[in-house]
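Presented below is the structure to which this report refers.
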Amino acid sequence: MQKRPLGKTGFDIAPLVFGGNVFGWTIDEATSFAVLDAFVDHGFNAIDTADVYSAWAPGNKGGESETIIGRWLKARPGVRDKVALFTKVGSDMGEGKKGLSAAYIPKALEASLERLQTDHVELYFSHWPDPQTPYEESLGAYQQLLKAGKIRSVGVSNLDAEQLQASLLAAREHQLQAYQVLQPEYNLYDRSQFDGALRDTVIANDIGVVTYYSLASGFLSGKYRSEADLSKSKRGKGIAKYLDKRGLALLEVLDGVAAEHSAKPAEVALAWLIAREGVTAPIASATSVEQVASFAKAATLRLSPQQIAALTDVK
């Protein structure tokens, strides 16, 4: 599978990243191992997680996703060299463990590395903006981790264009490594946060982009078309907002393009993202080996300019 340069990180990734938020939440450890095996077998090489995944599930406290990935790596000698691990810091882990201070970031990374059973990660993200901490303080902490070889590159999630510009300015002024990758919410339905000034900024600065909620919490799979369908998933409550006139119109166009390719709506939605200027790779989660096979089809699906326009222009 052809790899794409991830901004200025110095390494390449396949055109789709696995979203590890499902580990320890919607799938158990055995299923997680099977899905990860299939993902690598299909030629993909990047796995995204976070220290806080999946604290929201009953009985969890955070760290479950990293722990499962770490056990999988330990059980698969040689696989670590084939995958790029992405994880994040900054979300509330309880007991005052949160934020992007220079004192906290190294401690959080050590905890993540222990759970992942590795001595480094390829990409370490600031998960959320921290208004209490200057950008140069966080970037300075990452600089030390880069020098130590514990992280290979640094990214940020959930910044708007103004915030990203401010972080780039802070990096220049203090001669620090700037954020090399952005992780924004972006999909066929939710485009306002990335399209425009934010996308212009990442393109101008050669910043890699891996998108989350790439299938709008599963709505773009076409599985949810009415209120009655929301009970099909633990994510149902979060999908209700998409069941409006525009969402249903988008499903109709997705269905049409999918039929032309003998593909699934989710494959078309991911192919649209892969073709989008400024996007390196979408992040998508799978709960079965069959869904991973669908990712492989999405990664090779080529939409025509007319099909891309039809999807993009849905109002």
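Only one residue in 166, 171, 240 is small (Gly, Ala, Ser), assigned to a helix (DSSP H, G or I) and touching a Phe, Trp or Tyr at 6+ places or on another chain (Cβ under 7 Å). Which one? From the options 166, 171, 240, the qualifying one is 166.
Scanning region 111-163 for residues that are among the aliphatic types (A, V, I, L, M), touching a Lys or Arg at 6+ places or on another chain (Cβ under 8 Å) and either assigned to a helix (DSSP H, G or I) or farther than 20 Å from residue 210 by Cβ (or both) yields 113, 146. When residues in region 20-35 are screened for being surrounded by fewer than 23 Cβ atoms within 10 Å (Cβ to Cβ) and part of a strand (DSSP E or B), 1 of them pass. Looking across region 67-96, the residues that are touching a Gly at 6+ places or on another chain (Cβ under 9 Å) and in a loop (DSSP other than H, G, I, E, B) come down to 90, 91, 92, 93, 94. Quickly run through region 292-315 and pick out the residues that are closer than 17 Å to residue 14 by Cβ, in contact with a helix residue (DSSP H, G or I) (Cβ under 8 Å, 6 or more places away or on another chain) and in a helix (DSSP H, G or I). 292, 293, 294, 295, 297, 298, 299 - these are the residues of region 292-315 that are closer than 17 Å to residue 14 by Cβ, in contact with a helix residue (DSSP H, G or I) (Cβ under 8 Å, 6 or more places away or on another chain) and in a helix (DSSP H, G or I). Residues in region 144-167 that are out of contact with any helix residue (DSSP H, G or I) (no Cβ under 7 Å at 6 or more places or on another chain), surrounded by 19 or more Cβ atoms within 10 Å (Cβ to Cβ) and either farther than 17 Å from residue 185 by Cα or of a type in the set (Asp, Glu) (or both): 1 in all. Look at region 63-79: where a residue is at positive phi and a partner is hydrophobic (A, V, I, L, M, F, W, C) and crowded, with 24+ Cβ neighbours inside 10 Å, sitting 6+ places away or on another chain with Cβ atoms under 9 Å, you get 63/52.
Answer yes if at least one residue in region 202-209 is assigned to a loop (DSSP other than H, G, I, E, B), surrounded by 15 or more Cβ atoms within 10 Å (Cβ to Cβ), touching a strand residue (DSSP E or B) at 6+ places or on another chain (Cβ under 7 Å) and in contact (Cβ under 8 Å) with a residue 12 or more places away in the chain, and no otherwise. Yes, that holds for at least one residue. In region 234-262, the residues that are of a type in the set (D, E, K, R) form Cβ pairs under 6 Å with partners that are surrounded by 20 or more Cβ atoms within 10 Å (Cβ to Cβ) and part of a helix (DSSP H, G or I), at six or more places apart or across chains, as follows: 235/217; 235/218. Of everything listed in (1) surrounded by 13 or more Cβ atoms within 10 Å (Cβ to Cβ); (2) of a type in the set (Lys, Arg); (3) under 17 Å from residue 219 (Cα atoms), the single unmet condition for residue 297 is (3).
When you scan region 28-48, do you find a residue that is touching a Phe, Trp or Tyr at 6+ places or on another chain (Cβ under 7 Å), without any contact (Cβ under 8 Å) to a residue 60 or more places away in the chain and closer than 19 Å to residue 126 by Cβ, even just one? Checked against the condition, which is being touching a Phe, Trp or Tyr at 6+ places or on another chain (Cβ under 7 Å), without any contact (Cβ under 8 Å) to a residue 60 or more places away in the chain and closer than 19 Å to residue 126 by Cβ, region 28-48 yields at least one hit.
Read-outs throughout are calculated quantities, based only on the coordinates presented, and are distinct from any laboratory measurement. What you are looking at is a predicted structure, and each value in this text was computed from that prediction instead of being measured. Please note: Cβ atoms are built from the backbone with ideal geometry, for glycine as well, and neighbour counts cover all protein chains shown.
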